[in-house]
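The values are calculated or read from the model by the stated rules, or taken from the named source; none is laboratory data. Quantities reported herein were computed from a predicted structural model and do not represent experimental measurements. Note that we place each Cβ from the backbone using ideal geometry, even for glycine, and neighbour counts take in every protein chain shown. Surface areas here come from the heavy atoms of the whole protein model, side chains and all, with no ligands, DNA or RNA. Shrake-Rupley method; radii C 1.70, N 1.55, O 1.52, S 1.80 Å.
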Amino acid sequence: MPQKSKAAEQNRRKKPKWQQTIAKERIEILFDEAAKQAKKKNLDLSNRYVKLARKISMRYQVRIPKHLKRRFCKYCYSYLQPGVTCRQRIKDKIITIKCFSCKRIIRYPIGKR
Ligand SMILES: [Zn+2]
């Protein structure tokens, strides 16, 4: 079935630019919403928004912006709100984040581009 394989190939190909732009905007909105919910301690909701944002990024092959990547746990994908769902410390130009839901530690260097 040549028609079917052609469709499959098109799916794998990159999505049009305008769709990727919208996808990126949606990711930003979802993280904004997640932050609001985390502050209200609606952690289930904020984790759901992270999940949705990740789904969009995979579906449209867009990267989650760097500043947003640090806002969720890279192991369990739960939203990281310092003082609520994680503990944040800075030591020797390294940010150490401890995720409360999976107890793992994430480290980011600061001032490095
Ligand atoms: Zn975690």
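Yes or no: the stretch 75-95 includes at least one residue that is closer than 26 Å to LYS14 by Cβ and within 13 Å of the chain's Cα centre (by Cα).
From the stretch 75-95, those closer than 26 Å to LYS14 by Cβ are 77; that's our starting set.
Keeping just the survivors that are within 13 Å of the chain's Cα centre (by Cα) gives 77.
Yes, the stretch 75-95 contains a residue that is closer than 26 Å to LYS14 by Cβ and within 13 Å of the chain's Cα centre (by Cα).
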Inset, instruction - Report yes if some residue within the stretch 47-60 is within 15 Å of the ligand (Cβ to nearest atom), in contact (Cβ under 8 Å) with a residue 24 or more places away in the chain and open to solvent by less than 40 Å² (accessible area, probe 1.4 Å); otherwise report no. - result: yes
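Do you know which residues across the stretch 76-113 are of a type in the set (Phe, Trp, Tyr) and within 21 Å of LYS41 (Cα to Cα)? Let's see the steps before the verdict.
At the first step, the residues of the stretch 76-113 found to be of a type in the set (Phe, Trp, Tyr) are 77, 79, 100, 108.
Correct list: TYR77, TYR79, PHE100.
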Inset, instruction - Determine whether the stretch 21-35 contains at least one residue that is within 16 Å of the ligand (Cβ to nearest atom) and either at pLDDT 95 or above or surrounded by 12 or more Cβ atoms within 10 Å (Cβ to Cβ) (or both). - result: yes
Legend entry - Hits in the stretch 92-113 (condition: open to solvent by less than 40 Å² (accessible area, probe 1.4 Å) and within 14 Å of the ligand (Cβ to nearest atom)): THR96, ILE97, CYS99, CYS102, ILE106
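Which of the residues spanning the stretch 61-91 are at positive phi and within 13 Å of the ligand (Cβ to nearest atom)?
If we filter the stretch 61-91 for residues that are at positive phi, which is where we start, we get 61, 77, 83.
TYR77, the sole residue that qualifies.
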Inset, instruction - Scan the stretch 67-79 and give yes if some residue there is in a helix (DSSP H, G or I) and surrounded by fewer than 15 Cβ atoms within 10 Å (Cβ to Cβ), otherwise no. - result: yes
